[in-house]
Amino acid sequence: MSPNESKKAKTTTDASEELSRAPVTVPNEILARIFSFAVDNLPSEPSMRTAAKIGLICKHWRMILYSTPSLWSRLSVEFTDIDDDTGLGDGIQKTTSTQALALCLALSHPMPIYFQLCVKDAKNDWDLRSWIKLDAFHETHIAKALYMLLGHSARWKQASFTSDSWVVELIFTLRHLRSPELESLTFLVFDDAQPYSWPEDLEQLESALTPRLRHLDINLHIPYLNPYWSSLKSLTIGFEGPDECHHILSQALQLEVLTITHIGFLPTKDTTGNLILPRVQQLNLTQCAACNLFDGLVVPSLTELGLVAFDENQEHSAHVRAGIEECERHVPISLAVKHVVGLLESSKVIVDKFTAAWYTPCGELLPVMALVQSTSVLSLSHLDMDTDLDFLEHCLVRCKPPLFPHLKELGLSFDITPPDVPALIASFGLIEEFVCARKAAGLRKLTLEQKDFSPESPEVAQDLSPSIYASSSLARTLCKMSEARDFEVQWTASPDIDIMHYAAAYTVPLF
């Protein structure tokens, strides 16, 4: 090596060593982004602890953490009872620190805030309100948390209240709401909620919701809630009857997502006439909503249709003057199907995603399924072991051509009781057969779900170890399928058991 080359090599080495010793500066934007992943569940205790540890690293990190309002603007405030199966009903177990909430609200200023407030008894078998009244500490903290959030209502961007109905009593001040940034508002009460009678003088009040509101999700009557229907993009709501449904939807022509949780059994007083919702791409109907849907609804842009059951953790109610109206559980399925068929025929659409979850045999929905043959994503819930498996075998495999020839994703959810467990296990061969057949025809994703399959009896539950499912021929076949990059499998069972995780870890016992 020549002297010049040796000198050049030494210079390069020295420069590399100097560069390696130089501090690495991460841009503030990237640091803030990293911090947002680390503290993503504020103001929970673990996230607050993580934030405190980040602040101790160095002055620069501390400065970024506490001078970036957006890091503190997404909040989940929760007061939930966690049942420990003792039967003692010892009150609320999970709470949000109001001190931590106050810190987050202060540090997020003046950025818009996104929050959800949830007050819930996990098992729904105790009177949550009476518990809280027995515990003044928690009652005070829930009210305090709510009022702290109301104190920042001018910054609300997304606001969600999910609770027993008594919490709604604390939100009377919403009639004075001034929230120019508000784009999404949710009010949902739980299944054990008691109807609340609003004072008569509230009937004429109107909220100060602005045209910025795009998403509204409610399942109770709020007399002074009168949004700009014409500005909404997404709406979840129930109606007193077909006339009210037609009246409100005729003002909401910009809707893209519509979920109707209830339409009451009131006679139609007016001639409603045809109504075209030109932008609706996703439509979800409960059974009573479909049963009482007015004739003449047209949704020419529809791509996703859901025949849904309202969330079991929420009240099935209507946006009506009387408060909470219970839906008649046994509505004529034939009339509901007839109205959905009429809607599809008049809309002349190509549906890409179809969901059926009406607690009714799939065979009764066959007229609807015949009109959504273009579906590539199919989800069937609340399946019955006695009737629906035969339907799946016939219509998805044996029938020539089979239903849904373009199917790419299939979701099956079974409601299992203890007597059903042997029948479910015995049906694995049938499920394996039609999954293999549909995979060969283009299926790329399978989701299996068993709800409440674990019985109450501990000795029986012990016999139903996940290894029984994990070692089955169905599980072994699905494991091999999932090894291919072009096929995805999810198989879960209550409570929160990932069967595929056990199947992947299963090893054949050797002699």
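Here are some notes:
- Condition check for Thr286: surrounded by fewer than 16 Cβ atoms within 10 Å (Cβ to Cβ), under 25 Å from Ile222 (Cα atoms) and modelled with pLDDT of 65 or more: no
- Selection within region 202-242 - among the charged types (D, E, K, R), out of contact with any strand residue (DSSP E or B) (no Cβ under 6 Å at 6 or more places or on another chain) and at pLDDT 90 or above: Arg212, Arg214, Lys233
- The C-beta contact set for region 480-503 (first residue in a helix (DSSP H, G or I), second residue among the aromatic types (Phe, Trp, Tyr), distance under 7 angstrom, 6+ apart or interchain) comprises Met481/Phe487; Ile499/Tyr469; Ile499/Trp491; Met500/Trp491.
- Screening the candidates Leu378, Leu371, Leu389, Leu424 for the property of being of a type in the set (A, V, I, L, M, F, W, C), touching a helix residue (DSSP H, G or I) at 6+ places or on another chain (Cβ under 8 Å) and farther than 19 Å from Cys291 by Cα yields one hit, Leu389.
- Subset of region 18-52 [exposed (fewer than 10 other Cβ atoms within 10 Å of the Cβ), in a helix (DSSP H, G or I) and either at pLDDT below 55 or among the basic types (Lys, Arg) (or both)]: Glu18, Leu19, Ser20, Arg21
- Whichever residue in region 349-407 is assigned to a loop (DSSP other than H, G, I, E, B) and of a type in the set (Val, Ile, Thr) and, among such residues, is surrounded by the most Cβ atoms within 10 Å (Cβ to Cβ): Thr375
- Residues in region 251-295 that are part of a loop (DSSP other than H, G, I, E, B) and among the aliphatic types (A, V, I, L, M): Ala252, Leu253, Leu255, Leu266, Leu277, Val280, Leu293.
The values are calculated or read from the model by the stated rules, or taken from the named source; none is laboratory data. Remember, it's a predicted structure, so these values are computed and weren't measured experimentally. Every residue, glycine as well, gets a Cβ built from its backbone with ideal geometry; the counts of neighbours run over all protein chains shown.
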